[in-house]
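Enquirer: Sharing a structure below in structure tokens format, with a few things to ask.
The values are calculated or read from the model by the stated rules, or taken from the named source; none is laboratory data. Here the structure is a predicted model, which is why all the values come from computation and not from measurement. So basically every Cβ, Gly included, is an ideal-geometry build from the backbone, and we count neighbours across all protein chains shown.
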Amino acid sequence: MTTSTLLRVTAVVALLQFFGHAALFVRAKPTHGDAEVTVVAAMKAHRFNFGGSMRSYWEMYFGYGLEAAFICLVEAILFWQLAIIAGTTPAMVRPIIALFLVANVAHAILVTRYFFLVPLVPDILIALLLAWTLVMSGRSAGR
């Protein structure tokens, strides 16, 4: 597979991650009993001054979840655009691929520590695709 094709595949995986994260996050409801409902209600009810803005923990939690989904979308768009560049000069995208490979591995480690399996799967898949892309772009550059 070419560097360009691999980046397009990676972009599609990141786009699916965006849709999955956004859909699951926005529609999530407490399902683990009264204790979870109580925690969510408390997160919504209590507001604090954070950096000059009155916010609840729920607003920050929800905002971060939306931001995480948005980052997946930006990543998908970026990978697609890099695929265009890689079509003519694969070596030019290598540093960016390496950066995103490290970022996705770091993110996967954080997800492993603080979240659960479902969001880990696309992170690992993206990291593997980026590693493969990095190898292929090196081979293309050596020709």
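Enquirer: What are the residues in the range 78-101 that are assigned to a helix (DSSP H, G or I) and loosely packed, with under 12 Cβ neighbours inside 10 Å, if any?
Expert: Pro95, Leu99, listed by residue number.
Enquirer: Right, another one. Here is a list: Gly52, Gly138. Which entry is on the phi > 0 side of the Ramachandran plot, surrounded by fewer than 15 Cβ atoms within 10 Å (Cβ to Cβ) and over 14 Å from the mean Cα position of the chain (by Cα)?
Expert: The conditions single out Gly52.
Enquirer: Got a number for residues in the range 13-49 being without any contact (Cβ under 8 Å) to a residue 24 or more places away in the chain and either in a strand (DSSP E or B) or surrounded by 15 or more Cβ atoms within 10 Å (Cβ to Cβ) (or both)?
Expert: Summing the residues that are without any contact (Cβ under 8 Å) to a residue 24 or more places away in the chain and either in a strand (DSSP E or B) or surrounded by 15 or more Cβ atoms within 10 Å (Cβ to Cβ) (or both) in the range 13-49 gives 5.
Enquirer: A further question follows. From Glu75, Glu67, which residue is among the acidic types (Asp, Glu), within 30 Å of Ala45 (Cβ to Cβ) and either touching a residue at least 24 places away in the same chain (Cβ under 8 Å) or in a helix (DSSP H, G or I) (or both)?
Expert: None of the other options fit; the residue is Glu67.
Enquirer: Report, by residue number, each residue of the range 1-32 that is under 20 Å from Phe62 (Cα atoms) and over 18 Å from the mean Cα position of the chain (by Cα).
Expert: Residues satisfying the conditions are Arg27, Ala28, Lys29, Pro30, Thr31, His32.
Enquirer: Let me ask another. Tell me the residue from Tyr114, Tyr64, Tyr57 that is within 30 Å of Lys29 (Cβ to Cβ), within 14 Å of the chain's Cα centre (by Cα) and at pLDDT below 95, please.
Expert: Tyr64
Enquirer: So Met1 clears everything in (1) under 17 Å from Ala127 (Cβ atoms); (2) assigned to a helix (DSSP H, G or I); (3) in contact (Cβ under 8 Å) with a residue 40 or more places away in the chain except one condition, right? Which one?
Expert: Going through (1) under 17 Å from Ala127 (Cβ atoms); (2) assigned to a helix (DSSP H, G or I); (3) in contact (Cβ under 8 Å) with a residue 40 or more places away in the chain one by one, Met1 breaks only (2).
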